[in-house]
Amino acid sequence: MRKCNAVLGMGITALFVVHCIAGTFQLSGIIPGGDILMKAMAYIMMGLIAIHVTIGLILTAVSVRTGMASGVFYLRENRLFWTRRLSGFALMFFIADHLLIFINKNGTALRLHFFGGASLVMSLLLTAALLIHVLTCVRPALIGFGFEGRKGRAADLAFVLTIVLLLGGVSFFIYYLRWL
């Protein structure tokens, strides 16, 4: 199940990078929005995220049951595990908010609503939660794929994803300025 979750995580990461780069160009006004392919990729990514969350919840339940059975949770030793879980929980909230920015009141159209200060803060918190989640999950995902002794690969992947996330955060800010 962990290997399947690692594969899902890498698939989500690949789709996310495309989504983030295209969204950055759209929010910055470089390319127009409303592409049907981008919408389809966003729906596929949401489906993969739903499966990823389900597996994460199952693995968390197993860990909590094991901790309850033994009477010891080792919270300090498992802080990265719990950081991944908490950042993932925060991501569910922020992704839902990110989706609500685009849904029309009648629930049919995917158009961006007014992007004010609250939207900017929530979008930047989404970016921060993604950054925490990605940075804590890169190494275990690579280990799941058999890249155990390659710390350099984890650092390289984390660096690239951090740059993509920073560009996404900057584009949210640029888009906010365009609404002023």
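Every number in this text was worked out from the coordinates using simple rules, so none of it is lab data. None of these values were measured; they are calculated from a predicted model. All Cβ positions, even for glycine, are placed from backbone atoms using ideal geometry, and neighbour counts span all protein chains on display.
How far is helix 117-144 tilted off the main Cα axis of the chain, in degrees rounded to 10, range 0 to 90?
Tilt of helix 117-144: around 40 degrees.
Picking from 123, 4, 49, whose Cα lies most toward the positive end of the charge dipole for region 2-179 (charges on Cβ: Lys, Arg +1; Asp, Glu -1)?
4
Can you tell me how much longer the chain between residue 155 and residue 99 gets when fully stretched, taken as 0.36 nm per residue apart minus their C-alpha distance, in nm with one decimal? Intermediate results must be reported in sequence, preceding the final value.
Details: separation 56, 0.36 × 56 = 20.16 nm, distance 3.03 nm.
Full extension from residue 155 to residue 99 adds 17.1 nm.
Of (1) 22, 19, 17; (2) 30, 26, 16; (3) 31, 18, 16, which is the value of semi-axes √(5λ) of the Cα gyration tensor in Å derived from the coordinates here?
(3)
Bins of 10 Å, beginning at zero and ending with the bin holding the largest distance: percent of Cα pairs per bin for region 1-105, please.
12, 38, 28, 15, 6, 1
Could you size up the charge dipole of region 1-157 around its Cα centre, putting +1 on the beta carbon of Lys and Arg and -1 on that of Asp and Glu, and report it in debye to the nearest 20? Can you show the working numbers first?
Working: 14 positive and 5 negative charges, 77 e Å.
Its charge dipole is roughly 380 debye.
Tell me, what ³J(HN,Hα) does each residue in region 70-84 have, in order and in whole Hz, if you take phi through Karplus 6.51 cos²θ - 1.76 cosθ + 1.60 with θ = phi - 60° and put x for Gly and Pro?
With coefficients 6.51, -1.76 and 1.60, one gets 7, x, 10, 9, 6, 4, 5, 6, 9, 5, 5, 4, 6, 5, 4 Hz.
Would you kindly state how much longer the chain becomes between residue 124 and residue 73 on full extension, computed as 0.36 nm times their sequence separation minus their alpha carbon distance, in nm to one decimal? The partial results should precede the final answer.
Numbers: separation 51, 0.36 × 51 = 18.36 nm, distance 3.23 nm.
Full-extension gain reported as 15.1 nm.
Working from Cα positions, state the angle (0 to 90°, nearest 10) between the long axis of helix 2-27 and the longest principal axis of the chain.
Roughly 20 degrees, rounded to the nearest 10.
Give the peptides 89-97, 17-25, 66-74, 122-130 in descending order of average Cβ contacts within 10 Å, highest first. Please report the intermediate quantities before stating the final value.
Numbers: 89-97: 15.4, 17-25: 17.1, 66-74: 10.2, 122-130: 19.1.
Taking the mean over residues of other Cβ atoms within 10 Å, the ranking is 122-130, 17-25, 89-97, 66-74.
Average projected area of the Cα convex hull of region 24-67, in nm²?
On the way: hull surface 16.5 nm².
Averaged projected area of region 24-67's Cα convex hull equals 4.1 nm².
Could you work out [θ]222 nm for the chain from helices alone, using -39500 (n - 2.57) per DSSP H run of at least four and dividing by all its residues? Round to the nearest 500 deg cm²/dmol. Show your work: numbers first, answer last.
Values: 5 runs with 142 residues, N = 180.
Helices in the chain give a 222 nm mean residue ellipticity of -28500 deg cm²/dmol.
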